[in-house]
Amino acid sequence: MKRRLSAAAASLILLAPAASFATNGYFSHGYGIRSQAVAGVGYALPQDGLAAATNPAGTALVGDRLDLDVTLLHTDRGAVIGSYSFDGNGTKDFLVPEIGYTRKLNDCLSVGLAVYGNGGMNTDYATNPFDPSGASGPAGISFKQYYVTPSVAYKLSPSQSIGIGLTFAYQTFDAKGLASFDNPYISSAPGYVTNRGTDSSSGWGLKLGWTGNVTPDITLGAAWSSKIKTGDFDKYRGLFAEGGSFDIPATYGAGIAWQASPAWTLAADWQRIEYGSFKSGGNPMQALFTGGALGSPDGAGFGWKDVSVFKFGVVHKYNEKLTLRAGYSHCQHGIPGDQTFFNILCPGVVQDHFSAGASLKTGAGSELSVSYVHVPKETVYGQQSNPFGPEVNIHMSEELIALGFSKVF
């Protein structure tokens, strides 16, 4: 089993650079195929070996198991500037693999390992929206991020569990076609803004979680993931504030699950993502005009706001072999109307997720799962968004389908 797990983890790490996507901002809407099928619910409803990605206390509640998932994301994103439309879909399809493994060491103590794509963003404009003449060539970015989270969970009692996870985060970034910003009037480090190839950074973070039954039928859960201070994107130190800094924001939230009957479970989560807590993310574009050159200590950024996400899910055990799932989530807008100009590069504006899925037991301890998520088109309309010309409107929509295999030992 150790050899198989190591091989699976190595395969995921090799595949992970193919993952580049956005759902709630640039974070995934859910981790693990079962959580995806209920729109990301997971604080009080652990369902598989990826539970620690949301709440490490769940590691104690899912038994001995191995889960292998892969999600295919199809996305449509672009921008409209005045009367001109720009298509950012040079690449439209992305694979996002995941692995989860948990093992019960004794009646109280369990350990786990979750490897998953945390989020990202990709745009690829054949016609450069910042330079429609084409002198700068195509434009876009590729930002990819994945996590490896080993976890330990302890049952304080048969109905109360706590957990801790230590997360290693790895992210890559590449930008092209931004020559319009690569000059000493806009950037503090000209020559380190665009077309520098792929750069990477990494860092470590902490996850803490709790889950417990407050009645025989009602479970509560809560978890917190720390802000992760990553290394700088040195190749792009003239683009991101603080000389290439692009940290990973903290997240936290709480949830409830109600076992309405032996066959039906209803659950809901609230999650907070602090996108505005680091300067490259939270500083407004308008800082350019008040001394905040790109790459400077207080340089202009994407103007993102902290967001709350509300998630609702239902699980129905149809019979001993088949389990059905469905969910809905809503994310607040994190990109204000006056910040759409820079966010042509990362139009993570979608808000609603409609999901469904199923799991089928196929043999002793084996299970196949599927999930589907529809993310309807959302547009943010610019309001005093472009200091150089007409208003900028940005949009995005997504479709996700995932397949998974589980083995319970």
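Since every read-out is calculated from the coordinates, none of them should be taken as a lab result. Quick caveat, the model's predicted, so the values are computed rather than measured. Note that we place each Cβ from the backbone using ideal geometry, even for glycine, and neighbour counts take in every protein chain shown.
Summary table
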item	result
Order of Ile273, Ile401, Ile33 - criterion: other Cβ atoms within 10 Å of each residue's Cβ, fewest first	Ile401, Ile273, Ile33
Orientation-averaged projected area, Cα convex hull of the chain (nm²)	18.4 nm²
Among His353, Gly303, Gly276 - extreme Cα towards positive end, dipole of the chain, charges at beta-carbon	His353
Dipole axis of the chain (+1 Lys, Arg; -1 Asp, Glu on Cβ), positive-most option in Tyr185, Ala51, Gly30	Ala51
Ratio of Rg to Rh over the range 11-143 (Cα coordinates, Kirkwood Rh, two decimals)	1.14
Qualifying lysines (Cα of each under 25 Å from Cα of Lys104; at least 8 residues distant if same chain)	Lys2, Lys155, Lys207, Lys317, Lys321, Lys361, Lys407
Amide H partners (placed H, <5 Å) of Asn118, local residues excluded	Gln145, Tyr146, Tyr147
Residue order, fewest to most beta carbons within 10 Å, for Asp131, Asp69	Asp131, Asp69
Residue (of Trp264, Asn343, Gly291) at the positive-pole extreme of the range 253-395, dipole from beta-carbon charges	Trp264
The range 275-377: chymotrypsin sites (Phe, Trp or Tyr not before Pro) in DSSP coil with no more than 16 other Cβ atoms inside 10 Å	Tyr318
Exposure proxy order (Cβ contacts within 10 Å, fewest to most) of Tyr154, Tyr192	Tyr154, Tyr192
Computed magnitude of the charge dipole of the chain (debye, nearest 20; Cβ of K, R +1, Cβ of D, E -1)	1220 debye
Calculated [θ] (222 nm, deg cm²/dmol) that DSSP helices of n ≥ 4 give over the chain, each run adding -39,500 (n - 2.57)	-1500 deg cm²/dmol
Principal-axis tilt of helix 2-15 within the chain, Cα atoms, nearest 10 degrees	20 degrees
